[in-house]
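For reference, the structure discussed in these notes is given below.
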Amino acid sequence: MSEGKDLTYEYTASEEQEGMRLDQFLAGELKEQSRSYIQKLIKEERATVNGKKAKSSLKIHADDQIIMILPPLKELSVEPEEMDLDILYEDEDVILINKPKDMVVHPCPGRYSGTLVNGLLHHCKDQLSGINGVLRPGIVHRIDKDTTGVLVVCKTDMAHRSLAEQLKEHSITRRYEAIVYHNFQEDTGRVEGPIGRSPQDRKKMAIEPKHGKPAVTHYRVLNHLNHKFNHIECRLETGRTHQIRVHMASIHHPLLGDTIYGPGGKVNGLPSLEGQCLHARVLGFVHPRSGEYMEFEAPLPEYFTSLLKKLEDR
């Protein structure tokens, strides 16, 4: 484990960011860092506004020049681990995985083993894209720990750049299935609301009209079940963190099992749930080498189909 140099980040505040606290602004820009850690660094005089030291509570103005200096990052080694990966497809450029529940996609502070990346390093050896560094080799997008389903990982830098551009252009097909609370009056709909970090809780995302990034989710009801819960399909037009969970909660249809954006807890007559009932069913993209459109599907996991049956029978 070795250390490098200080990392310097320079920003110019926009009109939309005017009035934000300095620590709030920096937490929004440095999403990998917690707000409490950023406040600690500001207290250590590692942040300046227009060349002057500042406090976390300072309100910033449009065109303020903000510099943040982070201490050296520790270079971590991620060890390969033998795993029984459910591989849907693999070639020289990409590998498609059906991710199970309770698997973290890539290492993060406090969790450096048992992740999908650990398993991929064993399976693919050194054949993973290096664009995202040592902790996220090949990872061009991710799904939450408790979300199941299809995920694409890049084995070459060429494939990584191609898929990252397709994600940016919103041309990748992503269809999810979920079980949500409450009955829908209309069988199809569209939710539009910019998503950003919650000012009240930096670990949560929220509809943030002023500081959020544009986000659109299309949904359709697959089965009204017992009319207390609905089985739906969601198609992502954009891909923001926790997008489906935030959008469905915002229209009063939180996901069953979601303890962050929904009521969570145990529902009478149903087994205890570990996280939200959300499954990445379909992923489609233009193959970076062949130029052909390819689409992959991961079947619903057993826990999901079992829940559907129990809810239909209630």
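No lab work stands behind these numbers, since they all come straight from the coordinates. Just so it is clear, the model here is predicted, and its values are computed rather than measured. Backbone-built Cβ (ideal geometry, glycine too); neighbour counts: all protein chains shown.
Structure above, values below:
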| item | result |
| --- | --- |
| Estimated 222 nm signal from helices in the chain, with DSSP H stretches of n ≥ 4 weighted -39500 (n - 2.57), rounded to 500 | -5500 deg cm²/dmol |
| Added length on full extension, which subtracts the Cα-Cα distance from 0.36 nm per residue, GLU79 to GLU192 | 36.6 nm |
| Antiparallel DSSP beta bridges within the range 85-202, as percent of all bridges there, nearest 5 | 100 percent |
| HIS218-ASN268 pseudo-label distance in nm [points 7 Å out on the Cα-to-Cβ vector] | 3.9 nm |
| Gain on full stretching of the segment that runs from GLN65 to GLU292 - 0.36 nm per residue minus C-alpha separation | 77.2 nm |
| In Å, descending, principal axis extents of the Cα set of the range 9-155 | 53, 29, 26 |
| Alpha carbon centroid spacing (whole Å) that separates the range 252-314 from the range 106-184 | 17 Å |
| Rounded to whole Hz, the Karplus (6.51, -1.76, 1.60) HN-Hα couplings of the range 45-55, x for glycine and proline | 6, 9, 10, 10, 10, 6, x, 10, 4, 9, 9 |
| Placed amide H near LEU270: partners under 5 Å, 5+ positions off or other chain | none |
| Point-to-point label distance, LEU167-ASP201, nm (Cα→Cβ direction, 7 Å offset) | 2.5 nm |
| Efficiency of FRET from Cβ geometry, LYS43 and ASP91, R₀ 35 Å, rounded to 0.05 | 0.10 |
